[in-house]
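A.B. asks: Here it is: the structure, laid out below.
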Amino acid sequence: MYTQGFTWDKPHRKSATTIGDVLGRFHPHGDQSVYDALVRMAQDFSMRHPLVDGHGNFGSRDGDPPAAYRYTEARLTRLGGEMMNDLNKDTVDFQPNYDDRFEEPVVLPAGFPNLLVSGSTGIAVGMVTNIPPHNLREVIEGTIHLIDNPQATTDDLMEFIPAPDFPTGGQIMGISGSRSAYRRGRGRIVVRGHADIEEMANNRFRIIIKSLPYMVNKARLIERIADLVKDKRIEGIADVRDESDRHDAIRIVVELRRDATPMVVLNQLHRHTQLQDTFGANMLALIPDEGKYVPQQLELRQILDYFICHQREVITRRIQFDLKRAEARLHLVEGLQLAIDHIDEVISIIRSSKDEETAKTRLCERFEFSDKQAQHVVDMRLGRLSGLEREKLMAEHQDLTGKIDGFHRTLGEPGLLHGVMKEELQAISARYG
């Protein structure tokens with residue numbers, strides 16, 4: 001989507017276009033699996049911060065499937081674009097695609113810890129990963145704390161990242177599951193949907209369910225409650241209605257009989273339905289190891305450590321890229337300044353030369369220009385080699401010199417590099433958190 005320009009500031013484009021490009025350029029897999037990935041990244045009930053902005057039917061919390069990809073449209077969200085920042089500045093390594101016709105990035109620059117923010121779920125070669133989604137602000141605060149305090153422990157980081165933050169709301173019951181996941185890379189996190197008890201007329205009560213645990217199917221939950229009532233495993237329920245709106249605001253009304261005790265019924269719902277559910281966290285990720293990536297179960301601190309290490313490399317490579325470009329431009333500017341200082345002689349040499357190559361050779365001999373400088377002087381329009389252009393070149397020379405000095409200082413001092421990293425993380429947190 002990024003290479004084709006399907007970004008947040010452009011119109012939505014047919015999902016079929018994206019699916020076809022992915023299959024043809026990068027991933028010779030089934031079209032349905034590629035579309036499933038696109039759909040998940042667009043679902044605000046699957047992703048804490050969606051990376052794709054979908055237009056059309058992208059499924060629902062009732063388990064309704066998305067429309068076929070020939071009907072839906074999609075583009076990157078603005079945050080999704082942050083995953084691709086400076087991809088064209090040699091910030092990450094590229095590798096040939098499956099048929100050696102294109103190159104694809106080995107990893108993305110990823111300006112924020114997306115593995116924690118978006119979470120991850122999947123199975124491959126006998127291993128499973130199930131990383132819960134987290135709050136963007138909390139994760140960035142924890143990352144910045146670790147940058148400032150490299151000796152910080154996982155327990156220290158849990159002051160900033162106390163638990164997962166599921167996009168569907170709900171309450172996490174106790175902190176032992178989250179702490180186990182963060183300390184050992186594996187834990188059982190118990191999540192319970194929000195439910196209020198309201199009094200009705202005639203001394204009757206009703207239970208209003210306002211949120212559900214992560215990945216719980218709303219329609220199946222209502223069906224399950226109805227089955228439990230029919231089988232008489234839960235007593236006291238008179239009616240169950242789904243009053244949720246089209247924008248996925250949850251409202252399930254459970255009306256009770258007059259003789260029912262509301263807290264008893266609510267506890268039975270927690271016990272027998274997915275109104276209370278368990279998220280089995282398994283923090284398994286691929287980590288770099290001597291030129292290849294290997295799966296490893298990670299604690300919270302390790303995940304952030306790898307992210308900081310990755311960002312340090314991305315920022316270093318980006319600054320080196322900008323430095324080379326600035327130095328190359330400064331080299332040309334110095335050549336133009338010298339040409340303007342001897343404008344009459346330069347024009348005379350160019351006019352009296354029989355061709356461009358001869359003019360370049362003579363300019364190099366006379367003014368000790370490099371080949372690039374001589375080519376640039378020969379290519380310039382005469383009108384630009386004027387007194388007015390001299391002031392612009394002086395200003396550009398001064399600007400480039402300042403930038404180059406700043407790049408060298410940043411590359412030479414780890415503290416300045418970390419300062420750049422923190423500024424960029426804080427900007428993402430302020431914009432999207």
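A.B. asks: So if each residue of separation counts as 0.36 nm, and I subtract the Cα-Cα distance between residue 309 and residue 70, what length gain in nm does that give?
C.D. replies: Numbers: separation 239, 0.36 × 239 = 86.04 nm, distance 4.06 nm.
Result: 82.0 nm gained on full extension.
A.B. asks: Which value in nm describes the separation of the simple spin-label points at residue 230 and residue 364, placed 7 Å from the Cα toward the beta carbon?
C.D. replies: 8.8
A.B. asks: About the Cα centre of the stretch 6-48, what is the dipole size in debye to 20, counting +1 per Lys and Arg Cβ and -1 per Asp and Glu Cβ, all else neutral?
C.D. replies: On the way: 6 positive and 5 negative charges, 19 e Å.
Charge dipole of the stretch 6-48: 80 debye, to the nearest 20.
A.B. asks: Also, I was wondering about something else. Among 113, 425, 15, pick out the residue whose Cα is farthest towards the positive end of the charge dipole of the chain, where Lys and Arg carry +1 and Asp and Glu carry -1 on C-beta, about the Cα centre.
C.D. replies: Highest projection toward the positive end goes to 15.
A.B. asks: Can you work out the Karplus-derived ³J(HN,Hα) for every residue in the stretch 393-405? Use 6.51 cos²θ - 1.76 cosθ + 1.60 with θ = phi - 60°, whole Hz, and x for glycine or proline.
C.D. replies: Taking θ as phi minus 60°, the curve returns 5, 5, 5, 5, 4, 5, 5, 5, 4, x, 4, 4, 4 Hz for the stretch 393-405.
A.B. asks: Arrange the residues 168, 361 by how much accessible surface each exposes, largest first, with a 1.4 angstrom probe. Write out the running numbers ahead of the final one.
C.D. replies: Numbers: 168 10, 361 70 Å².
Highest to lowest solvent-accessible surface, that is 361, 168.
A.B. asks: Follow-up question, since we're still on this one. In degrees between 0 and 90, to the nearest 10, how far off the longest principal axis of the chain does helix 218-230 point, with axes built from Cα atoms?
C.D. replies: The answer is roughly 10 degrees.
A.B. asks: Next question, about the same structure. With every protein chain left in place, what is the accessible area per residue of the chain in square angstrom, probe 1.4 Å? Present the calculation step by step, with values, prior to reporting the outcome.
C.D. replies: Numbers: 23060 Å² over 433 residues.
Computed with neighbouring chains in place, this is 53 Å² per residue.
A.B. asks: Given charges of +1 on the Cβ of Lys and Arg and -1 on the Cβ of Asp and Glu, with all other atoms neutral, how large is the dipole of the chain about its Cα centre, in debye to the nearest 20? Mind showing how you got there, number by number?
C.D. replies: On the way: 56 positive and 65 negative charges, 279 e Å.
Computed about the Cα centre, the dipole is about 1340 debye.
A.B. asks: Now for a different question. Starting from the amide H of residue 3, placed 1.01 Å from N in the peptide plane, find each other amide H under 5 Å away whose residue is 5 or more places distant or on another chain.
C.D. replies: none
A.B. asks: Could I ask something else about it? In terms of the Cα gyration tensor, with a ≥ b ≥ c the square roots of its eigenvalues, is the chain rounded because a/c is under 1.5, prolate because a/b exceeds b/c, or oblate? The partial results should precede the final answer.
C.D. replies: Working: a/c = 3.02, a/b = 2.45, b/c = 1.23.
In terms of gyration-tensor shape, prolate.
A.B. asks: Quick check on the chain: helices-only [θ] at 222 nm, where DSSP H runs of length 4 and up contribute -39,500 (n - 2.57) each and the sum goes over total residues. Nearest 500, please. Each step should come with its number before you reach the end.
C.D. replies: Details: 15 runs with 197 residues, N = 433.
Taken over the chain, the calculation gives -14500 deg cm²/dmol.
A.B. asks: Using modelled amide H (1.01 Å from N, peptide plane; none on Pro or chain starts), what sits under 5 Å from the amide H of residue 171, excluding residues fewer than 5 places away?
C.D. replies: Here the answer is 192, 193, 194, since their amide H atoms fall under 5 Å of that of residue 171.
A.B. asks: Rounded, prolate or oblate for the stretch 11-151? Axes are the square roots of the Cα gyration tensor eigenvalues, ordered a ≥ b ≥ c, and the cut-off for rounded is a/c under 1.5.
C.D. replies: Details: a/c = 1.68, a/b = 1.24, b/c = 1.36.
Oblate is the answer for the stretch 11-151, as a/c is 1.5 or above yet b/c matches or exceeds a/b.
A.B. asks: Apply the Karplus curve 6.51 cos²θ - 1.76 cosθ + 1.60, θ = phi - 60°, to the phi angles in the stretch 27-33 and return the couplings in whole Hz, x for Gly and Pro.
C.D. replies: My calculation for the stretch 27-33 gives 9, x, 10, x, 5, 5, 5 Hz in order.
A.B. asks: What does the charge dipole of the stretch 322-409 about its Cα centre add up to, to the nearest 20 debye, if the Cβ of each Lys and Arg holds +1 and the Cβ of each Asp and Glu holds -1?
C.D. replies: On the way: 15 positive and 18 negative charges, 37 e Å.
So the magnitude is around 180 debye.
A.B. asks: Give me the percent of the accessible area of the stretch 107-166 that comes from carbon and sulfur atoms, probe 1.4 Å, all protein chains in place.
C.D. replies: On the way: 1320 of 2410 Å².
The computed percentage sits at 55.
A.B. asks: Under the Karplus relation 6.51 cos²θ - 1.76 cosθ + 1.60, θ = phi - 60°, what is the ordered set of whole-Hz ³J(HN,Hα) values for the stretch 178-191, x standing for Gly and Pro?
C.D. replies: 5, 5, 5, 4, 6, 7, 10, x, 8, x, 9, 9, 8, 10
A.B. asks: List the pairs from 292/324; 10/89; 372/392; 89/372; 14/218 whose alpha-carbon separation is above 24 Å, in the order I gave them.
C.D. replies: Listed pairs above 24 Å: 292/324; 14/218.
A.B. asks: Work out the charge dipole of the chain with +1 on the Cβ of Lys and Arg and -1 on the Cβ of Asp and Glu about the Cα centre, then indicate which of 394, 263, 278 is farthest towards its positive end.
C.D. replies: After comparing all options, I get 263.
A.B. asks: Set Lys and Arg Cβ to +1 and Asp and Glu Cβ to -1, take the dipole of the chain about its Cα centre, and tell me which of 102, 253, 178 lies farthest positive.
C.D. replies: The residue sitting most towards the positive pole is 253.
A.B. asks: If you don't mind, there's one more thing I want to ask. Under the rule of at least 5 residues apart or a separate chain, name every residue whose amide H is placed under 5 Å from the amide H of residue 85.
C.D. replies: Close amide H contacts, sequence-distant or interchain: 110, 111.
A.B. asks: Counting only C-alpha contacts under 8 Å and six or more residues apart, can you give the relative contact order of the stretch 300-433 as a whole percent? Provide the component values of the computation, followed by the final result.
C.D. replies: Numbers: 74 pairs, mean separation 47.3, N = 134.
Relative CO of the stretch 300-433 lands at 35 percent.
The values are calculated or read from the model by the stated rules, or taken from the named source; none is laboratory data. Note that the structure is a prediction, hence the values are computed from the model and not measured. For neighbour counting, all protein chains shown are included, and Cβ atoms are generated from backbone atoms with ideal geometry for every residue, glycine included. With ligands, DNA and RNA removed, areas are computed over all heavy atoms of the protein, side chains included. Shrake-Rupley method; radii C 1.70, N 1.55, O 1.52, S 1.80 Å.
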